[in-house]
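Just below is one structure, and these are the notes that go with it.
The values are calculated or read from the model by the stated rules, or taken from the named source; none is laboratory data. Source: prediction; values computed, not measured. Positions of Cβ are generated from backbone atoms using ideal geometry, with glycine treated the same way; all protein chains shown enter the neighbour counts. When the accessible area is computed, the model is the full protein with side chains, heavy atoms only, and any ligands, DNA or RNA have been set aside. Shrake-Rupley method; radii C 1.70, N 1.55, O 1.52, S 1.80 Å.
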2 protein chains.
Amino acid sequence: MSDLLERLRGRGWRMTAQRRVVAEVLDGDHVHLTADEVHSRAVARLPEISRATVYNTLGEMVSLGEVIEVATDKRAKRYDPNAHRPHQHLVCAQCGQIRDVHPTGNPLSALPDSERFGFTISDVEVTYRGLCPSCTAAA
Amino acid sequence: MSDLLERLRGRGWRMTAQRRVVAEVLDGDHVHLTADEVHSRAVARLPEISRATVYNTLGEMVSLGEVIEVATDKRAKRYDPNAHRPHQHLVCAQCGQIRDVHPTGNPLSALPDSERFGFTISDVEVTYRGLCPSCTAAA
DNA sequence: TCCTACAATGGACAATGTCTAAGTCAAGCA
DNA sequence: TGCTTGACTTAGACATTGTCCATTGTAGGA
């Protein structure tokens, strides 16, 4: 059921009730929760879980490469459990809704050597912004 | 001298010592300061300028479209005065240095209709991550 | 020069994230 | 099954970043 949980277990992660709840809450497609949202949902299942644990757990999952941190222009970072398939994000400028999208081609090829300033580039992050169908209709 | 200042003046912006200082501090290429850094530098020229004024002024410049907010993965938003030439960013994952870059082609064309979920897309933001020459050498 | 609307100030408050010290518990081992 | 131990969790203080508001100041026009 929980791919994320399975992957973490497979890495010899010490499994605790708190970590299990965080992983379960975060699992799924098009999931992009803030740390605070994760905490709220986790509390619903495990009332005594603390904020610090949620932050710690999310941080560890990011370090392990099982979860990705997404910085949209909102204040809080969001966490995306879909780390194994490379993807980009489509954000509604109005309501903040986020979808995972899969562009074609390699975005890195658009950057000529002369524009790389000698950097060793390892990653490209693309964010498409616009209005979702409901917000387009409302506008 | 200050393009940014000229552009703002041309829009009938009421000019005050504080706004002038903020605009001067922010002007230039490859400039990506946080609000706090802008404040520190502004204080050096105009000791009594307040944090709130810096935030207000930056916010107004963003609304006017003369300055762009950049959300890298760092905590604080950064402000980029180079709003009139479309460009993307290249970030060193180690030292945090940011360069403006100009990729070729239109990144929007990489996203097929089937991946647009009915969104009206208006903007694409690309962040290249890697190591700058110094950090590559140190690694 | 004087008025007035707009801008600046400073300090409280809010949101998000980090750290620490002390208590608790998962998992290996006898 | 019942220890032992080191990793995990907790609560809350603290740090950073950003916003708001009532008061004071001032740019620019009449």
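About its Cα centre, what dipole magnitude does chain B give when the only charges are +1 on Lys and Arg Cβ and -1 on Asp and Glu Cβ, stated in debye to the nearest 20?
360 debye
Within the set of other residues whose C-beta is less than 10 Å from the C-beta of B:C92, count the net charge using Lys and Arg as +1 and Asp and Glu as -1. Charge balance near B:C92 sits at +2. For segment A:88-138, a crude dipole built from +1 on the beta carbon of Lys and Arg and -1 on the beta carbon of Asp and Glu, taken about the Cα centre, is about 220 debye to the nearest 20. If both residues of a DSSP beta bridge must be in chain A, then about 70% of such bridges are antiparallel.
Note on the protein assembly as shown: percent of Cα-Cα distances in each 10 Å bin, starting at 0 and stopping at the bin with the largest distance, equals 6, 24, 29, 26, 12, 3, 0. With contributions of -39500 (n - 2.57) from each DSSP H run of at least four residues, the per-residue ellipticity at 222 nm computed over chain B stands at -10000 deg cm²/dmol. Straight distance only, please: which aspartates and glutamates reach the Cα of A:K77 with their own Cα at less than 12 Å, same-chain residues fewer than 8 apart left out? Within the straight-line cut-off, A:K77 pairs with A:D36, A:E37, A:E69, B:D73. If you take the square roots of the eigenvalues of the alpha-carbon gyration tensor of segment B:8-77 and sort them as a ≥ b ≥ c, do you get rounded (a/c under 1.5), prolate (a/b over b/c) or oblate? Note, shape of segment B:8-77 comes out oblate.
Our summary gives segment A:5-112 a relative contact order of 23 percent, counting only alpha carbon pairs under 8 angstrom and 6 or more residues apart. For peptide B:88-100, the mean count of partner chain Cβ atoms within 10 Å of a residue's Cβ comes to 3.
The H on the amide N of B:N82, modeled in the peptide plane, is under 5 Å from the matching H of B:I68, each at least 5 residues off or on a different chain.
Accessible surface buried by the B/A pair amounts to about 3200 Å², both sides summed, 1.4 Å probe.
Taking every pair of alpha-carbon atoms in segment A:6-128, give the share separated by more than 17 Å as a whole percent.
Value for segment A:6-128: 61 percent of Cα pairs lie more than 17 Å apart.
Summed over the residues of segment A:88-138 and divided among them, the accessible surface reaches 47 Å² per residue at a probe radius of 1.4 Å.
Note on A:T16 and B:R9: the model spin-label points, each 7 Å out from Cα along the C-beta direction, lie 6.1 nm apart. Shape of segment A:88-138 from the C-alpha gyration tensor: prolate (a/c of 1.5 or more and a/b above b/c, with a ≥ b ≥ c the square roots of its eigenvalues). Test of understanding: extend the Cα→C-beta vector of B:S122 to 7 Å, then name every residue of segment B:49-73 with backbone N under 20 Å from that spot. Only B:59-71 pass the distance filter.
With charges set only on the Cβ (+1 for Lys and Arg, -1 for Asp and Glu), what does the dipole of segment A:3-80 come to about its Cα centre, in debye to the nearest 20?
With only Lys, Arg, Asp and Glu charged at Cβ, the dipole is about 260 debye.
Mean per-residue shielding of peptide A:70-81 is 2, counting Cβ atoms of other chains within 10 Å of each Cβ.
For A:L33, the amide hydrogen comes within under 5 Å of the amide hydrogens of A:Y79, counting only partners 5 or more places away or on other chains and with H modelled in the peptide plane.
In plain terms, the chain from B:R41 to B:E24 could stretch by 5.1 nm, reckoned as 0.36 nm per residue minus the Cα-Cα distance.
Once you list every other residue whose beta carbon is under 15 Å from the beta carbon of B:D73, what net charge do they have if Lys and Arg are +1 and Asp and Glu are -1? So the environment of B:D73 carries a net charge of +2. Solvent-accessible area of segment B:1-121 (1.4 angstrom probe, protein heavy atoms only): carbon and sulfur portion equals 47 percent. Only one residue of B:S109, B:T120, B:H89 has its Cα farthest out toward the positive end of the dipole of segment B:88-138, where Lys and Arg carry +1 and Asp and Glu -1 on Cβ, and that residue is B:H89.
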